[in-house]
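Accompanying notes for the structure given below.
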Amino acid sequence: MHLEDIKKSFLKHKDQRLLHRYITNKHIEPLLKNCSDMVHVETIGKSVLNHPIYGIKIGYGGKRILMWSQMHGNESTTTKALFDLINTLSDTTSGFDAILKSCTLYIIPILNPDGAMAYTRVNANKVDLNRDAQDLTQPESLVLRNTFNAFKPHFCYNLHGQRTIFSAGATNKTATVSFLAPAQDRSCTITPNRKIAMEVIGVMNKELQAIIPNQVGVYDDAFNLNCVGDTFQSENVPTILFEAGHYHNDYGRDKTRELIYSSYLTSLYYISKNKVTGDSYEAYFDIPENNKCFLDIIIRNAKVGNDLVDIGIQFQERLIGRQIAFIPKIENIEKLNGFYGHKEINANGSSVFGASGEALKLGYENVFVILNNEKILLLSK
């Protein structure tokens, strides 16, 4: 399998009905109704607000892989890539039939439909489902747990999205895709089970390095049994956390969608073709740990009052109508050595003011600032 083949497959199978960041049941239900006969779709539960939670089964092989997305409702990139994957596997000419022959996939595309509608991390009861793995207080948590128990997966894919703040190590390289083989005990022991997850991550990282060199990270593996990944890993099911991050100027996460799709196919093909033992786990440790070195915009060498400082701006994602708006907000007014902006502006010692000429303060929100008597648009494309 070659990267060029995956690229062509993505362009052919990308579902154009799923765009940008706001993805809800209303967006995926028409797709589910039009799935091919190869795909079995069912309702597996209801959310707090009584919205359906869907399950999708495809493939007939003996290796069972459970995948769930939008556990956090505002993390939709992996969901879009799931439907691109389903389109691919439903195409008998795609060349990926080995996956279907060796594997059975069970996919929950939106675990948290209420959070998806409200574009929030939490569910309608304001509970983070990824901290409810032990108490199982929420209906959505029970749906995932019951599916896990019934399906008895050999692998779990825990699919998420991450903010634009993350770097691959303490560098100026964005963590566009991140992974984690979660710990399964408080000592973070490198168990045989984790080695299997690490081996698969190493395979995905190798392919991604050819596309986004030095832009893959891993998360700290501090153990928290309340997290779903840690729980499933502790029950000896190799579990992989996927995090869809930021690519340059890709606030709609379209390029990242392609990279996640590539990671799905690469890992599933590897699992389908190999007995994954964990013997080749060492490559996992070549991946740098994520750091928080980025802001969306940094205005360097700006005069604010009598001080020469840097201005750090982070976009706030807000649901307005049925679209996600990015609102620039000032998070830092200080020298930002060791931090990088996805966009950087050099004020060269000039004063910077708010859009109406007011002094800038922490928490200021506006799409403009004034520099050298000109309005500077802060929003990216």
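Taken together, the values in this text are just the output of simple stated rules run on the coordinates, not laboratory data. Keep in mind that what you see is a predicted model, and the values were worked out from it rather than measured. Reconstructed Cβ throughout: ideal geometry from the backbone, glycine too, with neighbour counts over all protein chains shown.
Some points to look at:
- Residues within the reach of a label modelled at residue 308 (point 7 angstrom out along Cα to beta-carbon, backbone nitrogen below 15 Å), restricted to segment 343-381, are 346-352.
- Segment 224-247 and segment 77-141 have Cα centres separated by 13 Å.
- Rounded to 5, percent antiparallel among DSSP beta bridges of the chain: 60 percent
- Over 21 Å (Cα to Cα) - which of 33/126; 101/275; 329/375; 173/255; 12/273; 14/255 fall in this group: 33/126; 12/273
- Computed over segment 49-151, the range of Cα coordinates on each principal axis works out to 44, 26, 20 Å, biggest value leading.
- From most to least packed by mean Cβ count within 10 Å, the peptides 196-206, 88-98 give 196-206, 88-98.
- Modelled this way, with points 7 Å down the Cα-to-C-beta line, the labels at residue 26 and residue 126 are 2.5 nm from one another.
- Euclidean distance of C-alpha centroids, segment 312-343 and segment 16-57, integer Å: 31 Å
- Within a straight-line Cα-Cα reach of under 17 Å, residue 46 can be paired with the following aspartates and glutamates, leaving aside sequence neighbours fewer than 8 residues apart in one chain: 29, 114, 128, 132, 140.
- On Cα atoms only, tilt of 139-151 relative to the major axis of the chain in degrees: 40 degrees
- Stretchable slack from residue 226 to residue 11, in nm (0.36 nm times residue separation minus alpha-carbon distance): 73.6 nm
- Annotation for residue 136 and residue 50: the two label points, set 7 Å from Cα along the Cα-Cβ direction, are 2.5 nm apart.
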